[in-house]
Every structure is written in structure tokens, then in C-alpha cells.
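Q: What follows is a single structure, and I will ask about it in a moment.
The values are calculated or read from the model by the stated rules, or taken from the named source; none is laboratory data. This one's a predicted model, so the numbers in the text were calculated from it and none came from an experiment. Here the Cβ positions follow ideal geometry from the backbone for every residue, glycine too, while neighbour counts run over all protein chains shown. The accessibility values were calculated without ligands, DNA or RNA, using every heavy atom of the protein model including side chains. Shrake-Rupley method; radii C 1.70, N 1.55, O 1.52, S 1.80 Å.
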Amino acid sequence: MKLQVNGTVHELDIEPDMPLLWALRDELNIKGPKFGCGAGLCGACTVIIDGQATRACQTAVGDVKSNVRTIDGLGKPDALHRVQQAWLDEQVVQCGYCQAGQIMNAVALLETNPTPSDKDIDEAMSGNLCRCGTYPRIRAAIKRAAAGQQTGA
Amino acid sequence: MVSIGKIARRTFLVGAAAVAGGVAFGYYKYRQPLENPLKKGLAEGEATFNPYIKIASDNRITVIVPRAEMGQGAFTTLAALVAEELDVTLDQITIEHGPAAPAYYNDAALREGAPFPAFDHSMVAETVRNAMGVVGKFLALQMTGGSSSLADGYEKMRLAGATARETLKAAAAQKLGVPAASLKTEAGKVIDAKSGKSLTYGELALDAARIDPPSDVALKPRAQWKLLGKPQPRKDMPAKVTGQPIFGIDVQFPDMLYATVKMNPQPGGAMKSFDAKEALKMRGVKKVIAIDSLYGKGFAVIADNTWRAFKAADAVKVVWADGPGHRDDAEAKKILAGTIAAGGGFSLRSSGDPDKAFADAPREKLVEAEYYAPFLSHATMEPMNATARLKDGVLDVWSPNQAPSVIKIIGARLTKLADDKINVHTTFLGGGFGRRIEPDFSDYAIRIAMETEGRPVKVTWTREEDISHGPYRPAALARYRARLGNDGLPVAVHGSVASPSVMAGMVGRIMPGLPTAGPDNLILDGAYNQPYKIPNERVDGYKAPLSTPVASWRSVGNSFNAFMHESFMDELAHAGKIDPLEFRRKLMADYPTAIAILDKLKTLSDWGKPIDKTRAQGVAFTLSFGTWVGEVVQVKDENGSIRVEKVWIVADPGMVLDPLNFKAQMMSGAIYGLSAAIGQQISFADGAPQQSNFSDYDAMRMNQCPDIIIEILENSGHLGGAGEPATPPVMAALANAIYALNGKRIRSMPLNGEISFV
Ligand code: FES
Ligand code: FES
């Protein structure tokens, strides 16, 4: 089967019911999406498909027909995406394990809703667990990225 | 006066070992330097000055941070201790965890574990602390815990930087033919102001490494600090916002296998039989093996993909035997209560004569209450995992862990290899909270690697396996009683706390065979050592015979004792008709550090000012890990459900080395505590834990997260910890706020057993 990730098409010989998460991590060595629960409860595995934040652990790889965006294709340390830059500016991260998922979820939010209210942020982000308790800084970073997006910075 | 011998007899094992060890080995050996592990494996052109610093001729400067980076920012702040004295910027250095080696022993963790309140600076207390530090070195205990990293590194790592700096200066002095005293250092260079000449550290490194380091270097006074005391951007942040493969679970090798484990969910229970016929037919499955470890009995599936291993593990038919532990929560509570009823508790500190004070107490002056706290899972965001390879007589373990020296002990035990044939690579940790001090996940990985003919194997637990297996934060039950005086303040307080022993559990798992009898002061941490002055006071500890494995969980004994003790203090304040914050001010009057915190808290939170009927505030105070913390929680009634609206935290760690990171730790600790207080518990039915994933063991989410306002004070005069001290008081402050709101006193955690939350 074919799977497109961050613009690159990969040929895979795997079971179609394998969760996208494990196809990415173990078959393609794309390690950005993380395994947290395997049950759609934590958001650590979040990727973007067709503009939607999607839980890779709950998506069968055989069902994926469009390009999969993961944090690995978002930005690099010397060329950060504006959401990643906002994360850095707010010094959001602690252990960091949930943050790939948080960032991808925030990117999807801002692409559909460039000026989210606190309530919009709550609604979009509450599926993403952070055991280190970085929520207040995540909120601040989303607002910072939204403001930058507005002014085109 | 209490003699040290007496203390040794009445305190827990490591304390006793500490005193005995300190005396037996003497201080002579203690003074001998430990070998620098970086000497082995230096690259061409690289020089090392001590276990913390490598400098290469091309100016690459590597700083070793021997404590696990698990989110607490140790990487950046510990490296800053070295960088400050070495006179380099944080941009100029690369930071590494380094190897497992005795040189990286943590003596502060033991020193702080001495059975005395942090404010006790008596000769006995200090002597025992020093003796325990000595034992830290003999045990060569390299571990991250007890919020001890900064206290441990503060002297050692600055001294390492300063000594290297002075050695580089001496090398430059020889080269330039000028006295070393006339030279200055800045941003990785030695500068001769007179001639205008300068040499980079890289140019000097190889020569400098051949010079004997000076023995009397001076550390910079605080006023000259450039990095310390100021917020530093975290060095691990860029990798973490770009999804780099830095965690244990990301370890990858070309010929690697993937495995998972399934262990008996009943702690200590055996595996009667297993049938892997179906599983072995499944795609990618290589082997199914039994695991018979001290930490669990069950099986592992080895496959070519983690998901295939998960799926095959579900297809194995297994018959578990019952474990020896309690069958359900009712039985656990009965055992805890029975331990207290049986008597024979231990105490670590007392004032006056509480027994006498209660003997003739009039009924109407008595206040009594019983509290309960459940078992808890750590639920780190990254599930347990480790990767191991046993090839050509060398064992390599890549493990997101808090205690690399323990993995070496386990590895040697399993493989019979010599210490120098075992390499432990500490990756970044997706959360630790004490869970990753435990050896089980590394032990299983090593056992599985012994079956893969030299191929590396990554062993990943499912979330279900992670939550339904301890070691857990222990359950605890406490009974408190007080006699109030006519002024409403307590004349006497007596507590009885029963809980299984974390110390006995941990020692037994790491070094089976060592005796674990004797009291465990962790059972009383947060109850016996608080800065209240009560004329007659004693808290008795009882080691309960619950066999469920228990471990350190962010703030350890404080995590349940603060809830119980601080809830009781609140009950006393209300019974005595005194404002709860004022009540604490009165009882802590002898401790200016505590008073300053309470006063600041009062101003910040507008304490005592009327708010509308749907809102109320609660306060609590805990001194733990050397840091004094007061917290106010404000709750709001939203259609019968409680919203935690605001939290104010005022903390005094004596000195703050990175204020931004310190605040992040306070926030993290409070949210971690709120998660537990609101809704977490591991309950048991038929001898097994009932929770298995974030569906039934959830944590605070973005939409529930309060505003958190943090203020730092620096009065206590003692460098305290950051990672844990914000967790204990928040749970009681929440319960106390709920009481203030609606008069409902909840004495059992989680609080959502009796009230609903948004
Ligand atoms: S791993 Fe996919 S939601 Fe948790
Ligand atoms: S930063 Fe550790 S789980 Fe979110």
C-alpha cells in the first residue's frame, strides 16, 4: 500500500488495520507522533489529515487516503513553524512527551480558527493530556501564535 | 538529649546503614576522589578535567548532567552551575546525561532523607545528615529524586567549573609567560588584558589536562553571577518542540526487535500456564517467553513491530494465580486500621506529653477525624519502556530512568557480566515522578534481550499494563485527635498514620536480601516535621503489612500526610472559630519564613475578603524537601459541580537558581496534585487493580486547569527542592476550599467520591 507522509510517498507491505501510529513509528521510523494510550484518550499521537487533527492510534493505516502531516515535517530547529516558535517563546515544555501532539493539535486549530477564544482553545485542546501540567503556557503560546498570525509576523 | 545510636535504632534502614557505614568506613576513604568515568572513551583531541567537563581542541565543550531530565529542567539549571564558574555561555555547551558511574552519587537525596524537620539544625540532626551523605557516596547511589538535584549539584558542579577554569588559566599562564593571577576568563576564552592576547579553551584543553588542578579555587560570589539566579531558556526546548527522537521509546537500531510484556495484574501472583500457539502464528511474531522476575511474573512477546507484539500478547491464553495481597479496598482499609489498633507505632519527634494531655481532656474540647488516601499510579506520559542489547559479552541498556546505577546492579545480576561490560544510556524521560527509579522495566528488557541472539530489543508497555501495575503510591489511613484550649488553639495534637513502607519496598526491590525491618520515616513525612508549635504533639507511624508494591510518587509520604494533617489543621481552626490562615500564623509564629509566606499569600489572594456565594477559598501549608510552600485554592460552584478556579502559590526554597523554571515546577506540582485529589485512585477488586487507561485514571485537562499565580521568597537560608514541594499542600487546600464553600468536609481522596467536579 502507499502512504503519503509530509509530502513523501512511502510503499508499505503491512496489514491495513495497523494503526497509523505504528506504521509511522515502527515501519517508517517517523518518531514525532508519540504513543501515550493507544485508545484516543491522550492526544500524544496527533497528526493532521485533511486539515483535521487526527489521533494516529485510532486511525487504521488502510483508511488513510490523504497526506499525513506530522511534527517531523512542521519545522526544524533553525526554521521553526510559528506555533513552534511561540512554544519556544513561552518556554512551554517540561518533559516534552505530550508536546508533539499538543503542537499539531494547536496547528490544526489555528488553521481553521485563526483567532480562537479561551473557550475555543479549551474545546480543541482538552483531548490532549499533559501530565507535567503545562496548560497555562500552552494557552499563552496559542494566543501568541494567533496574534503573530494576525499581524503576519 | 537524643544520642545518635538511639536515632540509628529507631530510624529506617538506610538511616541506620548510613550511621553504621559512616562510622565503619570512616571519613578517610570518603575523602578519596572517585574515578572520572569520562577518561574512558575520550575522542581524539578531547580532554576531560573532572566527571562534569570535556573540552575538545575544536572548542566543543560538553557538560555532563548526571541527573535525569524528566521535565524538571535539571539539564539546563545543573549545566548552568558548571557554565557559571567555567565562564562559558549556555550556547557554547552541549549537555549530556553521561554514563552511570559512582562519581555521580547523589548524597543530598540521603542527606535530606534524615529523620529531622528541615528547620532542625541541632548538632544531632546535622551529624546524622552528614553521615547519611557519606553513605550516599559508599552506596554510589546515582539517582534523581527527593527534589535533590540542585542541592546535590550546587557545590560539586560549581566547583567542577571553577577548578577547570583555573586549570585552563594555569595552562594559558605557561603559554603566555605571565602569572595566572593576571589573566581573566570570559565566554570560553582566557584573556590577558595587558597584551590583549587571548586563547580559547579549545586551544588550551589538551595542555591544561596535563596540569595538576589547583586545590584552592574560589567560587564566584553571588553578586557576580551571570547565569544563575536569572531565567535561562531551556536547552532541551528546541528538540522538544520539533519532535526529535530523544525519548526512550524513540530508540531505534536497524536490526532491532520490538516486544511487550504482560504480567499478572495481581501483585506478587504467579503465572500458572500460558498458551502461545495462536500468538505464534500471527504475522511478525518471533517468540513468546515466560518472565519470572522479582518484579512480576508473566510473559513477553517478541515481534518485528510494537503493535504486532501488542496484538499477539492479547492472543496468548494465560492462567494467572492469585497474588498474596488484599482482595479489595475494604480489606486494605481494614488492614490499615488494624495496624494502628494493634499498637507499636514509632515516632520521630514529640513535644510535651500528649498522652497526659488527652487523659483528662473534657469531651467538648476534643476534635477527632479519620482520613484515607488511595493507591495511585504515576501515569507518566511516556509509558514504561526500555531497550536492551546483549552482544559479544557486552550489555547495553537504553532506558528512560532515574537510577542508572540500579540498572547496572540488575544487569550484572541477570547476565553475570562484570560492571565494565554493562553500559547504561539514560535517554530523556517522558515524565518520571518517582516511577522511573524502579528497575522493573529495565529488568524485563534485559531478560528479553537475553533471548534475541544479540539483536537489540525495545520493550514497550501498553498504557493498560502501565496503569494496572505498580509499584504505586501507597494507600494510607490516619487518625487525628486534638484538645483545644480556651483560646481556640490546640493544646495537644496526636496523630496515627498507617501505610505500607515505601523505603522497605524500594530497598527490597533494588537489593533483595538486605533487611528492611525498622521504622520508615517516609510514612510520617509531611506530618511530624511541620513548623507548627503545639505544646503537646506527637504523630505515630505504623508500617502496614499490605504487600502491594509501593514506590516514591511525587512528594512521597508528604503526598498523603499533607492532605490529612492540613485538613485536620483546618478542622481545628474552624472548631476553634479562628480564621484558617490566621490559625496557621499563630501556630507558626516562631518561623519567620512561614509567616512571610502566609502574609504574602493573604495579600495576593485577597484572603478573607468576601467574594460571592458561589466561591470560596481554602489554605494549606507544607514544608517538604527543604522548601516552604503555602497555597490558597479558590473554588467555584458551577451548577453543583466544583470548578478549581484559581491557585496562589507562595514558595520559599531559600535561593532560586532559575526563577522561570522554578515557577514552572511549582505549577506542574500543583496540577499533578490537583489531578490526584480530584479524581485519581487505584482501587482493587478480586486482588487486582481496576483501572487501566486514561478513561478510568484521568488527569486534569486544559478546560479544568485553574489560573495559577506564583510568588517566590528567598528567606529560609537553605537551598530546597523544586520538583515536589508544590504537590502536597494543594490537595488539602482544595478540600479546605470545598468545606469553606458548602460545609462539606471530605476526608477521603479522591474528592470526587463525594462531590462532582467540572
Ligand atoms: S496514543 Fe493516541 S490518543 Fe493517546
Ligand atoms: S510536557 Fe510532560 S506530559 Fe506534557
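Q: Restricted to the stretch A:116-130, and to residues that are facing chain B (nearest Cβ under 7 Å) and open to solvent by 10 Å² or more (accessible area, probe 1.4 Å), which residue is nearest to ligand 1 (Cβ to nearest atom)?
A: Residue satisfying both the conditions and the ranking: A:S126.
Q: Among all residue pairs at least 6 apart or on different chains, which show Cβ distances below 6 Å where the first residue, located in the stretch A:101-118, is assigned by TED's automatic domain parsing to the domain that holds A:T134 and the second is open to solvent by 10 Å² or more (accessible area, probe 1.4 Å) and modelled with pLDDT under 95?
A: Sorted first by the residue in the stretch A:101-118, then by its partner, the pairs are A:P114/A:Q149.
Q: I'm trying to understand the selection: among the residues of the stretch B:484-508, which are open to solvent by 30 Å² or more (accessible area, probe 1.4 Å) and modelled with pLDDT under 95?
A: Result: B:M503, single match.
Q: Just one of B:T593, B:T548, B:T603 is polar (S, T, N, Q) and either part of a loop (DSSP other than H, G, I, E, B) or at positive phi (or both); which is it?
A: B:T548
Q: Can you find a residue that is among the small types (G, A, S) and in contact with a His (Cβ under 8 Å, 6 or more places away or on another chain) anywhere in the stretch B:695-709?
A: Step one: filter the stretch B:695-709 for residues among the small types (G, A, S), giving B:695, B:699.
When the remaining residues are screened for being in contact with a His (Cβ under 8 Å, 6 or more places away or on another chain), the result is none.
No, there is no match, as no residue in the stretch B:695-709 is among the small types (G, A, S) and in contact with a His (Cβ under 8 Å, 6 or more places away or on another chain).
Q: Let me ask another. Would you point out which residue out of B:V190, B:V288 is within 30 Å of B:G431 (Cβ to Cβ), buried (at least 17 other Cβ atoms within 10 Å of the Cβ) and over 32 Å from the mean Cα position of the chain (by Cα)?
A: Residue meeting the stated conditions: B:V288.
Q: Could you list all residues from the stretch A:43-76 that are open to solvent by 20 Å² or more (accessible area, probe 1.4 Å) and within 12 Å of chain B (Cβ to nearest Cβ)?
A: Answer for the stretch A:43-76, where residues must be open to solvent by 20 Å² or more (accessible area, probe 1.4 Å) and within 12 Å of chain B (Cβ to nearest Cβ): A:A60, A:R69, A:D72, A:G73, A:L74, A:K76.
Q: Scan the stretch B:80-129 residue by residue and report those that are small (G, A, S) and free of Cβ contacts under 8 Å to residues at least 40 places away in the same chain.
A: B:S122, B:A125
Q: If you don't mind, there's one more thing I want to ask. Every residue in the stretch A:94-115 that is within 11 Å of chain B (Cβ to nearest Cβ) and away from ligand 1 (no atom under 16 Å from the Cβ), please.
A: A:Q94
Q: Within the stretch B:668-704, track down each residue that is within 7 Å of chain A (Cβ to nearest Cβ), more than 16 Å from ligand 1 (Cβ to nearest atom) and surrounded by fewer than 24 Cβ atoms within 10 Å (Cβ to Cβ).
A: Hit for the stretch B:668-704 is B:N703, nothing else.
Q: Need the failing condition index for B:P213 against (1) open to solvent by 50 Å² or more (accessible area, probe 1.4 Å); (2) away from ligand 2 (no atom under 16 Å from the Cβ); (3) within 14 Å of chain A (Cβ to nearest Cβ), just the number.
A: The single condition B:P213 does not satisfy is (3).
Q: Follow-up. Would you check which residues across the stretch A:31-44 are away from ligand 2 (no atom under 13 Å from the Cβ) and either free of Cβ contacts under 8 Å to residues at least 12 places away in the same chain or among the basic types (K, R) (or both) and list them?
A: A:K31
Q: Could you grab me the full set of residues in the stretch A:85-108 that are farther than 23 Å from B:G248 by Cβ and either open to solvent by less than 20 Å² (accessible area, probe 1.4 Å) or of a type in the set (V, I, T) (or both)?
A: Going through the stretch A:85-108, the residues farther than 23 Å from B:G248 by Cβ turn out to be A:85-86, A:88-91, A:105-108.
Answer for the stretch A:85-108, where residues must be farther than 23 Å from B:G248 by Cβ and either open to solvent by less than 20 Å² (accessible area, probe 1.4 Å) or of a type in the set (V, I, T) (or both): A:A86, A:N105, A:A106, A:V107, A:A108.
Q: Would you call B:K286 under 30 Å from A:Q85 (Cβ atoms), touching a strand residue (DSSP E or B) at 6+ places or on another chain (Cβ under 7 Å) and either within 13 Å of chain A (Cβ to nearest Cβ) or modelled with pLDDT of 95 or more (or both)?
A: Details: under 30 Å from A:Q85 (Cβ atoms): no; touching a strand residue (DSSP E or B) at 6+ places or on another chain (Cβ under 7 Å): yes; either within 13 Å of chain A (Cβ to nearest Cβ) or modelled with pLDDT of 95 or more (or both): yes.
Spelling it out, it is not the case that B:K286 is under 30 Å from A:Q85 (Cβ atoms), touching a strand residue (DSSP E or B) at 6+ places or on another chain (Cβ under 7 Å) and either within 13 Å of chain A (Cβ to nearest Cβ) or modelled with pLDDT of 95 or more (or both).
Q: Could you list, in sequence order, all residues of the stretch B:362-399 that are open to solvent by 10 Å² or more (accessible area, probe 1.4 Å) and within 16 Å of ligand 1 (Cβ to nearest atom)?
A: none
Q: Out of A:L24, A:L3, I need the residue that is closer than 20 Å to B:N305 by Cα, away from ligand 2 (no atom under 16 Å from the Cβ) and outside any helix (DSSP H, G or I). Which one?
A: Step by step, each of A:L24, A:L3 is checked, and only A:L3 is closer than 20 Å to B:N305 by Cα, away from ligand 2 (no atom under 16 Å from the Cβ) and outside any helix (DSSP H, G or I).
Q: Inside the stretch B:428-460, can you point out the residues that are over 27 Å from B:V288 (Cα atoms), away from ligand 1 (no atom under 16 Å from the Cβ) and open to solvent by less than 30 Å² (accessible area, probe 1.4 Å)?
A: Initially, the stretch B:428-460 is screened for residues over 27 Å from B:V288 (Cα atoms), giving B:428-434, B:437.
Still in the running and away from ligand 1 (no atom under 16 Å from the Cβ): B:428-429, B:432-434, B:437.
Scanning the stretch B:428-460 gives B:L429, B:G432, B:F433, B:G434, B:I437.
Q: Inside the stretch B:373-398, can you point out the residues that are in a strand (DSSP E or B) and under 16 Å from B:V550 (Cα atoms)?
A: The answer is B:A373, B:F375, B:L376.
Q: Could you please give the count of residues in the stretch A:92-151 that are within 14 Å of ligand 2 (Cβ to nearest atom) and of a type in the set (D, E, K, R)?
A: Residues flagged as within 14 Å of ligand 2 (Cβ to nearest atom) and of a type in the set (D, E, K, R) within the stretch A:92-151 amount to 3.
Q: How many of the residues making up the stretch B:291-308 are crowded, with 23+ Cβ neighbours inside 10 Å and free of Cβ contacts under 8 Å to residues at least 60 places away in the same chain?
A: 5
Q: State all residues of the stretch B:407-433 that are part of a helix (DSSP H, G or I), hydrophobic (A, V, I, L, M, F, W, C) and more than 29 Å from B:M237 (Cβ to Cβ); if no residue qualifies, say none.
A: Those that are part of a helix (DSSP H, G or I), hydrophobic (A, V, I, L, M, F, W, C) and more than 29 Å from B:M237 (Cβ to Cβ): B:I409, B:I410, B:A412, B:L414.
Q: Select, from A:V64, A:V47, A:V68, the only residue that is over 24 Å from B:I246 (Cα atoms) and either free of Cβ contacts under 8 Å to residues at least 12 places away in the same chain or within 16 Å of ligand 1 (Cβ to nearest atom) (or both).
A: A:V64
Q: Right, here's the next one. Restricted to the stretch A:27-42, and to residues that are of a type in the set (A, V, I, L, M) and within 20 Å of B:A309 (Cβ to Cβ), which residue is nearest to the other protein chains (Cβ to nearest Cβ)?
A: The selected residue is A:A39.
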